[in-house]
Each structure stands twice: as structure tokens, then as C-alpha cells.
Amino acid sequence: MSEAALVLTLGFLALLVLGVPIVFSLGLSSLAALWLLDIDLVMLAQRVLAGTQSFPLLAVPGFILAGDLMTGGGLSTRLVQVAEPFVRHVKGGLGMVSVLASMFFACISGSAPATTATVGSVMIPEMIKRGYSKRFAASLAVCVGPIGQIIPPSIPFIVWGVIAETSISRLFLAGVIPGVSCGLGYMLVCYLMARKYNLPTLPRATRTEFAHSLNQGKWALLAPVIILGGIYGGIFTPTEASIVGVVYGLVVGLFIYKGLRPAGLGELALKSMKTTAIVMFIIAVASAFGWLLAYEQVPDKIVGALLSITDNKILLLIMLNVILLILGAFMDNLACMIILGGLLLKLGAQLEIDPVQLGAIVVINFAVGMETPPFGYSLFVGSAISGLSIEEISKGMLPFFVVDVGMLLMVTYLPWSTLWLGKLILG
């Protein structure tokens, strides 16, 4: 490798080890590489700006604001109330409520930490009150969070769509079967654990309770129908759908559920702006870093090195999943996707993997990384809500991690699981 390539790779890793925040590690190593290549440093600013100049990326701030509005407006609480009557009478039913609620909330959030925070803050105290251990309740809340990044709409799928220049609508559909399968697997774990520890069940819901919960939650349930139905019905693009979600969350939160107050909208908007600024800053700087990697042909060299080890597709896919899982546990997932985008697409082309299936493999690996120690964002959120240490929560996550591995194997080796719905609905 050239000096610039070594600075980009080893220099970046050294800065991370020293504790420099990832976005500054990316920026400093990019500046050093430009200097070594004798390229005008203004190129960094140009590449940073170019990294954000994409119409689909406008959906990112839209979905962030829509999720905050719907959470603040009380839609998330209604989703828990809707889920409860369906499974509360089954062994492990209260845990299943957490899973169902997270799957509903994923359809309006697209964020793993937000899903963990919203569902966990409601369900952890309730599960403890009903006899579940705090560790099990917290572990479940941490693990259901990443479903928010798999079931559409999903911010990481939007970013991958920009990187791979492929249909975001197809990518959204690629997450449905894996996300639902993961949820069902988690529910099975809840059932088995409840039987093992003989946890109590709640009485079966009456028809009146069913009707009441559905009536209370109808506006929350309508949100994903409008957003996703509009996208797949060809009424609006994912970017336009994010704005529709903002308007819907605002109207329902202010005038129907009344969880929002006009005086508090400024603070909520500021919170969303801060989150958006962090996400877009990472995307912008990582784009410049990724451009330099491509300029130095680093992805080509790495792909060549991998193919020199073996040309067995099954082994290469196992290696890819292991590498992505490890990276996802240590680095920001959006930055990883952008940095490795060129490498992953070249490897996918060599292995004849559809970019949509490849996107599902990448996004799901990094979603699992959000719950994996030592630096999973959802893990930190679950620890903060429950008061348990990361080590304690991690021990309780092992059964759920088995489900995650099964989901990854399905997505990796059964292409239909990510491509079938897209072909069925979009042709």
C-alpha cells in the first residue's frame, strides 16, 4: 500500500484506539492523506459537501423528526396498549408485548436506540412488577431495539440505497421478512424462558378490551399504513413519505392524542436537529474518507486479498458476516457503511449478490452490532433505563443473540428472504 493508504487505514485505527471520536478520526486521517498525495486540502471540504448532496438523504431528518413527534405525541404508548391484549395470556406474554410493540414502533421510527428507549421505558418496569427478572427485561429491551433498523422505514437502508444507487423502496421491503422472523424468534425465546422459570400470565383479554385498545391505538396504527402504503402505492417517494410522517405526527400529537404542546415543539425540534446534525456530519465526513479509499484503490486490494484466501462463496460470506459483526460492535454503523461501501459492492459483484440482498446483510449485521458489547448504542440505552451494568445485560442477551445469528444466516444464504417481497409488490 502507498503511504496515503496506510495513513487512511492504520492512521484511522490508531486515532480510534487513542479515543478520538470517530468523525474526527475520519477527518484527520483524510487531511493527512490529502497532504501526502499533494492534493489541495480544499478537496476535503468539497467531498464533505458532496457527501450530503443527495435527494434520498433528505428522508433522514424527516424520519428523525417524525419519530420524535410520534414518540412525544403519545403514539408509542398506544402501540404498547394495542399489542398487550393479543399475547398477554400466553406464557411469556408480557415479553411478547415488548417485541410486538417494538415491531409496531419500528414502522414509525427507523432507529434502534429510539425503539429501545421508547419500549424499554414502558415495559421494563411493568415486566419487573409481573415477576420477570430485571436482567431479562433489560436484555429484551436492548435486543428489540435493532428491529427498528430492519423493519421499514429504516435510516440505514436509506443510506445504503444512496451508496449502492439502488431502490430504497426495494431495500425497505428487504427488511420485512427478516424483521418479522426476528420478532417471532424473540417471542419464542420469551415463551421458553417463561416456561423455564414458571412466570405468571395475565388473564385473556375480553372482546371489550380488544375493541378498546384498537380504538385507542387506531391513529398510531394508521401511521405506518399511510407512510408505507404511500411509498409502495406509488403515491410518494421515501423522502416525501418522511415529510408526510412529520405532518401526521404533528396533527395526531397536537389535536387527537394531545401528547404534544405548542410550547414544547421548539425543544422537540431542537432535539431532532441535534440528532440530524450528528448523523449528517458522520455521513459527510465518512463520504470524503470513502472517496479517498477509492482513490487509493484500497477496496480493490482488500477484495483481491480476500479472494486470494478462498474463492468459496459460502466461506467468503461467513467471513464477511463475522467482519461486519465485529465492526458493528465497535464503530458507528452509518460511518462503517459509507467507508466500506465501495469494498462491499465490489465484493458483492464478485460473488454475484444482488445489491438489495447485500444491503440487507450489511444493515442487519450493523443492527445486531447496536446491541453488542462493548459499544452498542442500544446497549447503553438499556443500561441507562434499567440501571444494570452492560456486563449484566450482556449475559441475558445470549438466547436472543442465537436468534440474531439465525436471521443473519437466513438473509445471507436464502436470497428470497430479502428479494421476494420486492419482486411481488414492485415487479
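The values are calculated or read from the model by the stated rules, or taken from the named source; none is laboratory data. Everything numeric here is computed off the predicted structure, so don't read it as measured data. Reconstructed Cβ throughout: ideal geometry from the backbone, glycine too, with neighbour counts over all protein chains shown.
State whether the residues of segment 408-421 include one that is at pLDDT 90 or above and in contact with an Asp or Glu (Cβ under 7 Å, 6 or more places away or on another chain). For segment 408-421, residues at pLDDT 90 or above and in contact with an Asp or Glu (Cβ under 7 Å, 6 or more places away or on another chain): present.
Of everything in segment 28-53 that is under 20 Å from LYS274 (Cα atoms) and surrounded by 14 or more Cβ atoms within 10 Å (Cβ to Cβ), the residue that is modelled with the highest pLDDT is VAL48. Scanning segment 102-134 for residues that are of a type outside the set (S, T, N, Q), closer than 17 Å to VAL381 by Cα and touching a Ser or Thr at 6+ places or on another chain (Cβ under 8 Å) returns PHE105, ALA106, GLY110, ALA112, PRO113, ALA114, VAL119, GLY120, VAL122, MET123, ILE124, LYS134. What are the residues in segment 402-427 that are surrounded by 12 or more Cβ atoms within 10 Å (Cβ to Cβ) and not in a helix (DSSP H, G or I), if any? Within segment 402-427, LEU414, PRO415 meet the criteria. Restricting PRO299, PRO262, PRO238, PRO200 to those that are crowded, with 18+ Cβ neighbours inside 10 Å and either more than 20 Å from the chain's Cα centre (by Cα) or closer than 30 Å to VAL90 by Cβ (or both) reduces the list to PRO299.
If you go through segment 96-104 one residue at a time, do you hit one that is of a type in the set (S, T, N, Q) and either under 20 Å from THR372 (Cα atoms) or surrounded by 24 or more Cβ atoms within 10 Å (Cβ to Cβ) (or both)? Show your work before the answer.
Applying the first criterion (of a type in the set (S, T, N, Q)) to segment 96-104 yields 98, 102.
The next check asks that each one be either under 20 Å from THR372 (Cα atoms) or surrounded by 24 or more Cβ atoms within 10 Å (Cβ to Cβ) (or both); those that pass are 98, 102.
The answer is yes, given that some residue of segment 96-104 is of a type in the set (S, T, N, Q) and either under 20 Å from THR372 (Cα atoms) or surrounded by 24 or more Cβ atoms within 10 Å (Cβ to Cβ) (or both).
Determine, yes or no, whether LEU344 is part of a helix (DSSP H, G or I) and buried (at least 16 other Cβ atoms within 10 Å of the Cβ). In short, yes.
Hand me the list of helices (runs of 4 or more DSSP H) wholly inside segment 210-327 holding 1 or more residues that are among the basic types (Lys, Arg), under 30 Å from MET370 (Cβ atoms) and out of contact with any helix residue (DSSP H, G or I) (no Cβ under 6 Å at 6 or more places or on another chain).
On the way: elements: 238-251, 265-295, 298-309.
Helices (runs of 4 or more DSSP H) meeting the threshold: 265-295, 298-309.
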